[in-house]
Amino acid sequence: MAKRIRNKEGSINKALETAFLFHATRPYDKVSLEEMAAHSAMTSGGILYHFKTKNNLFMQMCDKFVLEESSLFNKVEMYEDTTFLEYIDRYISLLDKQRRKAKELGIDNLNRALVNITNQAIFYYPDFIELGNKWVDLQIEEWKKVLIKSMVKRDIRENIDINLAARSFETIYIGLAYASIASEEGLDLPELKKSFIFLYNSLRV
């Protein structure tokens, strides 16, 4: 029974990863179940057994790779003794881990892939715009938590505008991520880290 469950989970994950690769590099209407099935060593019927329709597969792929995997805050632990700079290091490290994982799937520029899929989701995933806006709001709220912890530890000034500072950190990330879609490797992580530290230094006591 346990083996059957593992096999089912493996098939679902493989189909989701394949959908991520195909939709990252093609328009929605140029992605076929037959090609995805061949790439993932499954059958079209096998994919439909798990997801019922191509659109359901697409939406679940968006949930996993766009709305869940790309949110770092459920993966970065903020210990009580962690400094803001150490937190930035962990954030950058996780971005690098995500990029390496994407390369293993055959995607050289993760940020371009996410932008391509997001553009498709606007048309083929009902309520995606609302979900995307909530995703951004969540990232900003998490930045606020990190900033408040740093303020309590007197790492940054008490008189800063927390909302503006949190939005600024997220805007830096989104802006550099979007600007990187034309590059070969994607997001320039050293540049992102440098920009984060520049903003952090402006908030210090």
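Computed values, structure above
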quantity	calculated
Exposure proxy order (Cβ contacts within 10 Å, fewest to most) of Glu86, Glu17, Glu69, Glu130	Glu130, Glu86, Glu69, Glu17
Charge sum, other residues only, whose C-beta stays under 12 Å from Cys62's C-beta, Lys/Arg counted +1 and Asp/Glu -1	-3
Neighbourhood net charge (11 Å Cβ-Cβ; Lys/Arg +1, Asp/Glu -1) for His50	+2
Asn7 versus Thr171: modelled label distance in nm, points set 7 Å from Cα along the beta carbon direction	5.4 nm
Backbone HN-Hα couplings from phi across region 37-44 [Karplus 6.51/-1.76/1.60, Hz, Gly and Pro as x]	5, 5, 5, 9, 6, 10, 10, 4
The chain, helix-only ellipticity at 222 nm - DSSP H runs n ≥ 4, -39,500 (n - 2.57), divided by all residues, nearest 500	-23000 deg cm²/dmol
Dimensionless Rg/Rh of the chain - Kirkwood Rh, Rg from C-alpha atoms	1.03
5 angstrom amide H check on Gly186, placed H, neighbours 5+ away	none
Residue order, fewest to most surrounding Cβ atoms within 10 angstrom, among Asp137, Asp63	Asp137, Asp63
Pairs from Lys64/Lys144; Lys14/Lys149; Lys52/Lys97; Lys14/Lys144 whose Cα-Cα separation, in the structure shown, is over 30 Å	Lys14/Lys149; Lys52/Lys97; Lys14/Lys144
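Taken together, the values in this text are just the output of simple stated rules run on the coordinates, not laboratory data. The model shown is predicted, which means the values in this text are computed figures rather than measured ones. Cβ: placed from backbone, ideal geometry, glycine included. Neighbour counts: every protein chain shown.
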